[in-house]
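Have a look at the structure below, then the notes.
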Amino acid sequence: MSLATVDYLILAIYFAFVLGIGWWVKRRVTSSAEFLTSHRSVPVWITSLAFLAANLGAQEVIGMCASGAKYGIMTAHFYWIGAVPAMLFVGVFMMPFYYGSKARSVPEYLKLRFDEKTRTLNAVTFAIMTLFSSGISMYALGILFQLVLGWQFTSSVLLSAAIVLIYTYLGGLTSAIYNEVLQFFLIVLGFAPLAIIAVMKAGGWEGMASRLEPVMTHSWKYIGSASTNPMGVEWFGLVAGLGFVLSFGYWCTDFLVVQRAMAANSMSAARRTPLIAAFPKMMMPFIVILPGIAALALTKAGTGYALPMKNGSYDYDQALMTLMKTYYPSGMLGVGLTALVASFMSGMAGNVTAFNAVFTYDIYGGHIRKNASDAHYLMVGRVTTVVGVALSVATAYLATYYNNINDLLQLIFGFVNAPLFATFLLGMFWRRTTGHGAFYGLMAGTSAAALTHGLTVAEGKGGWIASLQSFPSTMAQNFWIAIYAWSACFLVTLAVSMVTQKKDDAELRGLVYGLTEVPVEEVVWWKRPAPLAAIVGVALLVLNVIFW
Amino acid sequence: MDLRIPIGLFFTLVSVILFATAVLGDASGSTVNAYCATAMLAFGGVMLWLAKRRA
């Protein structure tokens, strides 16, 4: 694929705008709080779109399109079951504790609720996870540009990373959040036309359904048994593994997304952030998954488009780029490509700014140098930005070991986020939970994840201890790793908490359900969290019924 | 400055480039570029109008 001058021009204009926003925000950054937390000053419409865009990395866009071609509309479960319910839960139930506690990060909340060792464990595992996520996103972008555009892997990755570094270095979290809004709109307007064109060329939904196996166009109908769907998962693994543990573990405890809501300018705005974000999140499958399904339908129809082959089977990871190459003319090709770069940047900037805050506040400020001046922490935050980007580039090369980048991400989440959700669930809603319980629960959860991965095999992965069980897909394996990790953490936290000393109620005020006054919302009814969540819930139900 | 201003300006600028490409470029891609340019111009315009109304 070769690009025309106009395509490069659009990419250059985009770079100029993101750097310009970084430069514009720089004037506001005079303290570590402004650099690392936006000083809780961002309007709700911006935090909502940033909440969504920070998760909309290149691996999401490319990986979901690939999964659409591989698994069909069942992939939408990553949104409808695997995201939206958890977003409602964090907005309605958990945000009062996060925002009300005045913690600057999720690990800091753990310190207030439990103790220093629980905070440190979470801070260190989260820091490693964000670097991995960022590296995987970078790998996805670099390898695709190399394959399709013939660009050098290293130079395309370094150029994009350098732009992210400059604007996050200049304006910190606010710059990242503001750019995420521009990136979100660019992703939608850059990929939606492709979805429309691809589906129209494939004969609409009916045309696609007539060319594909029925399992590709139903989200629930073939999920009774793992052997009847291409994902290789059964309904319990999907609902418990993805819909409960992984989803709630990510959206309710991952500082990358929670940080966006915590930057909102009021408690009400913080609670509404994930609820408002749930509306566009529900619709994202139509932009990122439908083109993948259409790609497979077009391939089977023999209309001039064909998915590329790799080792005798379809190379699903190239679905998005090859569709763009086929159906976008010069001009829109530049917009589509820029949207892909934007998705990479939003994901990477999200990881870098979350890494910044956790390292500066929870690792450096918590252990290396306590009680330093604010100017010192601002300097550390800026230096951490540079280090975080450099480490992300390094981890990009580790991602080459996996052929489905989405599976690797889910595996990492299973190790870290899945047990963490059990800790938060008990910590926020059961005042008897202790610091020792939380710490040993987390250790047990991560150990259970490692043990499950070591004792089970799927698509040749895992089984490094023994092969006691075989899963039909790595996705099914990841769901069960998450279920075991969550269960181990939950049970161990429960057991240890029963035999260790709990904190006094006075220390838990503002941190635990029953000891925290949830503010009364002085806004019109449809802006209140519960009605908003109910509206989203009904819309979600309708979507699941339509695509049953 | 209102964030809607740079967003509105960006999409308006891109729409102008796409319109120019639709008119001056290869005829086979002009329809796609023209339709997308119209959508982006409308979106950019709305963003700028919202920012102006607030100011």
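The values are calculated or read from the model by the stated rules, or taken from the named source; none is laboratory data. Just so it is clear, the structure is predicted and the values come from calculations on it, not from any experiment. A quick note on method: Cβ atoms are made from the backbone with ideal geometry, for glycine too, and the neighbour counts reach across all protein chains shown. All accessible areas refer to the heavy atoms of the entire protein, side chains included, with ligands and DNA or RNA removed. Shrake-Rupley method; radii C 1.70, N 1.55, O 1.52, S 1.80 Å.
Evaluated against (1) touching a helix residue (DSSP H, G or I) at 6+ places or on another chain (Cβ under 8 Å); (2) part of a loop (DSSP other than H, G, I, E, B), A:K370 falls short on exactly one condition, (1).
Looking at this structure, is A:L52 open to solvent by 10 Å² or more (accessible area, probe 1.4 Å) and hydrophobic (A, V, I, L, M, F, W, C)? For A:L52, the condition - open to solvent by 10 Å² or more (accessible area, probe 1.4 Å) and hydrophobic (A, V, I, L, M, F, W, C) - is not met. Within the set A:S219, A:S268, the sole residue that is in a helix (DSSP H, G or I) and more than 14 Å from chain B (Cβ to nearest Cβ) turns out to be A:S268. Out of curiosity, is A:A58 modelled with pLDDT under 85, farther than 20 Å from A:F255 by Cβ, more than 14 Å from chain B (Cβ to nearest Cβ) and out of contact with any strand residue (DSSP E or B) (no Cβ under 7 Å at 6 or more places or on another chain)? Considered against the rule, which asks whether it is modelled with pLDDT under 85, farther than 20 Å from A:F255 by Cβ, more than 14 Å from chain B (Cβ to nearest Cβ) and out of contact with any strand residue (DSSP E or B) (no Cβ under 7 Å at 6 or more places or on another chain), A:A58 comes out as yes. Here is the figure for region A:24-49: residues that are within 11 Å of chain B (Cβ to nearest Cβ) and part of a helix (DSSP H, G or I) total 5. Across region B:23-55, the qualifying residues are those that are in contact with a Ser or Thr (Cβ under 7 Å, 6 or more places away or on another chain), among the small types (G, A, S) and at the interface with chain A (Cβ under 7 Å from one of its Cβ atoms), and the one among them that is nearest to A:Y327 (Cα to Cα) is B:G29. Would a scan of region A:161-168 turn up a residue that is in a helix (DSSP H, G or I), free of Cβ contacts under 8 Å to residues at least 60 places away in the same chain and either more than 23 Å from the chain's Cα centre (by Cα) or within 14 Å of chain B (Cβ to nearest Cβ) (or both)? Within region A:161-168, none of the residues are in a helix (DSSP H, G or I), free of Cβ contacts under 8 Å to residues at least 60 places away in the same chain and either more than 23 Å from the chain's Cα centre (by Cα) or within 14 Å of chain B (Cβ to nearest Cβ) (or both).
The residue that is most open to solvent (accessible area, probe 1.4 Å), counting only those in region A:289-302 that are assigned to a helix (DSSP H, G or I) and more than 13 Å from A:Y71 (Cα to Cα), is A:K300. Just to be sure, is A:V42 in contact with a strand residue (DSSP E or B) (Cβ under 7 Å, 6 or more places away or on another chain), at negative phi and buried (at least 19 other Cβ atoms within 10 Å of the Cβ)? In short, yes. Only one entry of A:Y98, A:Y8 meets the criterion of being in a helix (DSSP H, G or I), touching a residue at least 12 places away in the same chain (Cβ under 8 Å) and open to solvent by less than 10 Å² (accessible area, probe 1.4 Å), and that entry is A:Y98. Does region A:443-461 include one or more residues that are open to solvent by 10 Å² or more (accessible area, probe 1.4 Å), small (G, A, S), modelled with pLDDT under 90 and closer than 25 Å to A:S227 by Cβ? Taking every residue of region A:443-461 in turn, at least one turns out to be open to solvent by 10 Å² or more (accessible area, probe 1.4 Å), small (G, A, S), modelled with pLDDT under 90 and closer than 25 Å to A:S227 by Cβ.
One residue stands out in region A:146-188 among those that are surrounded by 24 or more Cβ atoms within 10 Å (Cβ to Cβ) and of a type in the set (F, W, Y): the one that is nearest to B:A42 (Cα to Cα), namely A:F184. The residue pairs whose first member lies in region A:117-142 and is open to solvent by 30 Å² or more (accessible area, probe 1.4 Å), whose second member is among the charged types (D, E, K, R), and whose beta carbons are closer than 9 Å, counting only pairs six or more residues apart or on different chains, are A:T120/A:K111; A:T120/A:D362; A:V124/A:D362. Against the condition crowded, with 16+ Cβ neighbours inside 10 Å and in contact (Cβ under 8 Å) with a residue 24 or more places away in the chain, how does B:I17 come out, does it pass? No: the conditions fail for B:I17.
Taking interchain pairs and intrachain pairs at least six residues apart, which have beta carbon atoms under 7 angstrom, with the first residue in region A:304-316 and of a type in the set (D, E) and the second modelled with pLDDT of 85 or more? From residues that are of a type in the set (D, E), the pairs are A:D315/A:L307; A:D315/A:P308; A:D315/A:M309. Of the listed requirements (1) open to solvent by less than 60 Å² (accessible area, probe 1.4 Å); (2) more than 20 Å from A:G331 (Cβ to Cβ), B:A37 misses just one: (2).
Return the total of residues in region A:412-425 being touching a Leu at 6+ places or on another chain (Cβ under 7 Å) and open to solvent by 10 Å² or more (accessible area, probe 1.4 Å). Result for region A:412-425: 1. When each of A:A86, A:A103 is tested for being open to solvent by less than 10 Å² (accessible area, probe 1.4 Å), under 18 Å from A:L420 (Cα atoms) and either among the polar types (S, T, N, Q) or outside any helix (DSSP H, G or I) (or both), the lone residue that passes is A:A103. Just so you know, in region A:310-334 the residues that are open to solvent by less than 30 Å² (accessible area, probe 1.4 Å) and in a loop (DSSP other than H, G, I, E, B) include one that is nearest to the other protein chains (Cβ to nearest Cβ), and it is A:P329.
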